[in-house]
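To keep things clear, I will list the structure first and then write my remarks on it.
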Amino acid sequence: MDSIFWYKNPDVAAAKSGELKGLKILIQPNISVAGWPTEAGSKALINFKALEDATIVQKLRQAGAEMPGSSRMSEFGLGLQDSQAGEAVRQKITDAELVLDLMGEPRLAAARASVCGFKPSYGIISQFGLIGLIPSMECCGILSGNLKTMRDILKTIAGPDERDFSVPEEKTRDFSLSQIDPQKTTIGIIKEAKKDLSPDQERIFLSSIEEFKKAGFCLKEVSFPEFELFSLVHNMVGSVEASSCAGRYDSVRYGQRAPGAKNWNEMYLKSREAAFGPFLKSYLIQGAYFQFEKYEEFEDACRIRARLVSKMQQLTSEADFLVLPVSGQASSGAVTPLAETYAQFALTTFANVSGQPVLYLPPAPGAVHAGFQLAGPRLSDARLLTLGGYILNLRQGGR
Amino acid sequence: MEFEAVIGLEIHVELKCPTKMFCDCPNRTSDEPNVNTCPVCLWFPGAGPRLSQDALEKAALLCLGLGAELQPRSAFDQKVYYYPDLPKGYQLSQAHLPLSKGGGIEIIDEDGQTRRPRIHHIHMEEDVAKLVHEMEGRLPISLVDFNRAGVPLVEIVTEPDFRSPYQAMEFLKELRTQVRSVGSSECSMENGTMRVDANISIRPKGSDQMNTKVEVKNMNSVRHVGDAIAYEISRQSAAVQAGEAVVLHTRLWDPDKKVTSPMRAKFSGPCVPDPMVPIIELSPEWIEKMRSRLPEMPAARAERFVKQHGLTGEEAALLSSDSEVAGYFEGLIGEGVPPRTATHWLATQLIPAVKERKQELGTSPVTPARFASLLKMLAKDEINANAAREVLIQLFNGNETPEEIIKARGFKQVSDPNALDSLIDKVLSAQPAAVADFGNGQGKALGFLIGQVMQASGGKANPKIIREMLTRKLGSISN
């Protein structure tokens, strides 16, 4: 079990009351809990213990959740290298797990573990106390085998935070279960999202969404010619933000100071160089390259991002929800770990760029496919979870 | 060849806010090192910035006070550089979408002409930590004080509209006056709450080309700014005449040696949009609300003083530049003191006396009401100027009213001709030589005689009436 846990909480408090009473929620060590080792998967923070609870941790505690510890994660949560996300949920050691979604990690981790994975809308969950890397794209994701658990957790952790101004002050959102009428619900299939699937993969994906047809939903192909740009935009904008964001991790105070430096400047440089792994380092260097050398191209990427977001909004007039494959299974033959990671996440990054909510649903027991992603317009989180629940319910023979 | 200078200024002004810009830490840089810090201004993992509403309002007031146009949409960027005074690797600053654009300040240049150097834009930014380099025995050590990290600043960037050190200095003085009067900053170069960098280039006189500029830093008074610019102009002129190229770099002003020396190549790192601080959207209603909070600006106030109270332009400028002085002046007018008397006595007597006692006008024991009752008696010739100066000293020393002081000390002026008549006759018979001098056309004898009568009255006689009576009497003697 220790291959899953990075840190085990020695005194799990069992609450007597609260909405989440008795629920075990695992986190990752990039979510601050006062006193817990919070290294965010990086040697740069290997000696860092969080000073205070993240806002979402405060809210979970108040709601009576139990916090068994944190699971092993990739460096600063980018990609799934060395990450154990989802494993504890699969083994039912925990009821749910919170994993930051930078480019689709909780969704792919859920696919790996055959559980549900959810990325909420950007801006509804406080980022205070979350050690992020790509602030404009990331959001706290939830993994669980149970959509009601997911909904209860979302209800608990969402909402404005006086410590995070990026979450707008607004009235409490309604996350309660709503009604879904399949006859009146259109589900769009983005033509271009299937482009890179092999004929076999495409056949399997199309068979996986037969469920919707059987249930009476209206399935419809929609076109998004620039869909493949999501990954490129994510890669450029993400690396630039990451490069700035990781600027503060010099490994001098909370990592290990490199020995043998001649002066403080060299000590900083050497310690920082030794702190990051090669994958993250390549990402940060790429970001610095765009910052210092190709700023205009970064600006282009920002403009394209705006265009992609507005096109995605237009699609909501054509379909209520979108269904997409999760991809990632095929080897891309990419030459660098960074390119390979982006190939692996090619079908999940769109939601990080656009900020919209996505729910990954695993295949029904016995089905051969890899599951699929359901996406809704921004702030449609509650309806998306309702749709997911409707499908799972059908699988269990309900209506 | 004759050269002219092209000068632009970048002025950092520290906002007078109780807290830092992105956290609730006290904005007190002079406390013990590193006491005013928190996870946000130390940039701990997981901490995020929250823009202070107070900093935004003070910055907005400053912009409006300088005639700038607040932008409906502004945003913070990350100015990327790596140095231990900035542990997060970037400074939050508004590089692409500044808080305001435009604006300018009227000054009178060395030729007496009115000019209005333009402001290009004003943006907000956070200050960085302070590095202290010391020796511990023979070991050099570097210490970082984070009390200054995150202190709210605005940077005022002017157009290259100055042609001389004088103009730059006048602009800075006027800027200081205006920013102080809106209350956004104390704007003191000596205390570091106003820091000025000057960008200087030269070109042949009459040309409109823009040549390579040199940035000069480290001036800690307005005078030093002028000296540093003057030095830099002559240094560059000499270099160009010697056939050397001016290269883009930063120089430091050495106030002791009065020279600038090269510091480093001018830094220009990337500025990328910050994804954490929300974009600032200012509604027209909010901007109007800020505008309504703007006090009357010195220039407008001076104009009003000329129109309303009949002051000269110079007097009006003197009384309106400091809002405390202006308020005091209007207090005196409100009590019924004639404007000319108020102007004269405020400028030549009260302000120097307050300064001499190291007091502030607003908190001095000589309140407008007390001073006004003194000045009104003066205006009505109930006391003379000498007595009034004596009474003023007493007003600083206790809380008696001017009336009480005058009564107790017998300062009341004697204007009654009957009482004065015998005094004058006594003096005239005691000073036959002076009377003779007057008869021989020596005008200064009159002054001497007036002085004698004043002395005989114990300083209480009304000098105006003495002069009239003496002139009359002496006229009749010489005839």
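The values are calculated or read from the model by the stated rules, or taken from the named source; none is laboratory data. Keep in mind that this is a model prediction, so the values were computed, not measured. Glycine also receives a Cβ, built like all others from the backbone with ideal geometry; neighbour counts cover every protein chain displayed. Surface accessibility is based on the protein's heavy atoms, side chains included, excluding ligands, DNA and RNA. Shrake-Rupley method; radii C 1.70, N 1.55, O 1.52, S 1.80 Å.
The lone criterion from (1) touching a Phe, Trp or Tyr at 6+ places or on another chain (Cβ under 6 Å); (2) buried (at least 18 other Cβ atoms within 10 Å of the Cβ) left unmet by B:Gly269 is number (2). I'd like the residue in the stretch A:235-271 that is at the interface with chain B (Cβ under 8 Å from one of its Cβ atoms) and over 23 Å from A:Ile134 (Cα atoms) and, out of all such residues, is modelled with the highest pLDDT. Restricting to residues being at the interface with chain B (Cβ under 8 Å from one of its Cβ atoms) and over 23 Å from A:Ile134 (Cα atoms), the top hit is A:Tyr268.
Residues in the stretch B:438-466 that are more than 18 Å from B:Ala387 (Cα to Cα), open to solvent by 60 Å² or more (accessible area, probe 1.4 Å) and either touching a residue at least 40 places away in the same chain (Cβ under 8 Å) or part of a helix (DSSP H, G or I) (or both): B:Lys444, B:Phe448. Of the residues making up the stretch A:120-132, those that are under 20 Å from A:Glu75 (Cα atoms) and not in a loop (DSSP other than H, G, I, E, B) number 1. Consider the stretch B:41-62 and keep the residues that are more than 9 Å from chain A (Cβ to nearest Cβ) and aliphatic (A, V, I, L, M). The one that is farthest from B:Ser181 (Cα to Cα) is B:Leu42.
Residue-level check: of (1) closer than 30 Å to A:Met236 by Cα; (2) open to solvent by 60 Å² or more (accessible area, probe 1.4 Å), B:Lys257 misses just (1).
Applying the condition of being over 16 Å from B:Glu57 (Cβ atoms) and hydroxyl-bearing (Ser, Thr, Tyr) to the stretch B:280-326 and asking which residue is surrounded by the most Cβ atoms within 10 Å (Cβ to Cβ) yields B:Ser320.
Here A:Glu299 meets the list (1) open to solvent by 50 Å² or more (accessible area, probe 1.4 Å); (2) more than 11 Å from every other protein chain (Cβ to nearest Cβ) almost entirely, failing just condition (2).
Within the group B:Asp111, B:Asp85, which residue is surrounded by fewer than 21 Cβ atoms within 10 Å (Cβ to Cβ) and over 27 Å from the mean Cα position of the chain (by Cα)? Even if it seems obvious, please write down each step before you answer.
Working: B:Asp111 fails: over 27 Å from the mean Cα position of the chain (by Cα).
Going through B:Asp111, B:Asp85 in turn, just one is surrounded by fewer than 21 Cβ atoms within 10 Å (Cβ to Cβ) and over 27 Å from the mean Cα position of the chain (by Cα): B:Asp85.
So is A:Ile204 within 24 Å of the chain's Cα centre (by Cα), of a type in the set (A, V, I, L, M) and open to solvent by less than 60 Å² (accessible area, probe 1.4 Å) or not? In short, no. Checked against the criterion of being in contact (Cβ under 8 Å) with a residue 12 or more places away in the chain, more than 19 Å from the chain's Cα centre (by Cα) and open to solvent by 10 Å² or more (accessible area, probe 1.4 Å), the candidates B:Arg163, B:Arg138 yield just one match: B:Arg163.
If the condition is being out of contact with any strand residue (DSSP E or B) (no Cβ under 9 Å at 6 or more places or on another chain) and under 30 Å from A:Ser239 (Cα atoms), then the stretch A:352-399 contributes A:Val353, A:Arg378, A:Leu379.
If you go through the stretch B:377-414 and keep only what is over 25 Å from B:Val354 (Cβ atoms) and open to solvent by less than 40 Å² (accessible area, probe 1.4 Å), you end up with B:Gly410, B:Gln413. Scanning the stretch B:86-138 for residues that are closer than 19 Å to B:Val196 by Cβ, aliphatic (A, V, I, L, M) and within 14 Å of another protein chain (Cβ to nearest Cβ) yields a total of 1.
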